[in-house]
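Any read-out appearing in this document is the output of simple, stated calculations on the displayed coordinates, not a laboratory observation. Since the structure is predicted, the reported quantities are computational estimates derived from the model, not experimental observations. In this analysis, Cβ positions are derived from the backbone assuming ideal geometry, glycine residues included, and neighbour counts consider all displayed protein chains.
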């Protein structure tokens with residue numbers, strides 16, 4: 001007997017998260033570690049729990065996440081979107097609720113590339129008149 005799960009992929013900046021949701025007792029695992037251990041920063045965990053709270057599935061589903069690339073904030077955003085997408089695959093009626101919460105929108109902001117003649121993406125060399 002195989003365990004039935006629903007999968008969603010989330011992305012933010014350079015991070016990608018594959019999120020699997022299945023019936024269970026609310027255990028969240030990120031890269032084979034407990035969620036509290038992987039995201040120890042204050043507020044990250046409550047941010048990730050947003051889609052579960054909005055859909056009313058908090059404590060009723062087991063969540064397994066494989067996340068790679070980017071930093072802590074990018075990974076948090078990727079997990080958030082992947083979880084919301086997995087919930088929509090599981091129950092399509094949740095789409096309006098999750099859309100209203102802003103959990104399904106891809107945050108398209110990326111690091112801007114460095115331009116020639118500038119020091120960074122936008123910082124220009126100091127202008128001197130004489």
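With viscosity set to 0.890 mPa s and temperature to 25 °C, compute the Stokes-Einstein D of the stretch 6-101, Rh being the Kirkwood radius across alpha carbon pairs; µm²/s, no decimals.
191 µm²/s
For the chain, take the longest principal axis of its alpha carbons; what is the angle in degrees between that and the long axis of helix 72-90, to the nearest 10 within 0 to 90?
40 degrees
Using the basic label-point model (7 angstrom from Cα toward the beta carbon), what is the residue 60 to residue 27 distance in nanometres?
Here the answer is 2.0 nm between the modelled labels.
Place a label point 7 angstrom from the Cα of residue 45 along the Cα-to-Cβ direction, then list the residues of the stretch 9-29 whose backbone nitrogen is under 11 Å away.
Answer for this model: 28.
Listed highest first by mean packing, meaning other Cβ atoms within 10 Å per residue, what order do 31-40, 15-24, 60-69, 108-117 come in?
15-24, 60-69, 31-40, 108-117
Any idea what the relative contact order of the stretch 4-130 is, in percent, if you count C-alpha pairs under 8 Å spaced at least 6 apart?
About 34 percent, as a whole number.
So how much slack lies between residue 4 and residue 53, counting 0.36 nm per residue of separation and subtracting their Cα-Cα distance, in nm?
15.5 nm
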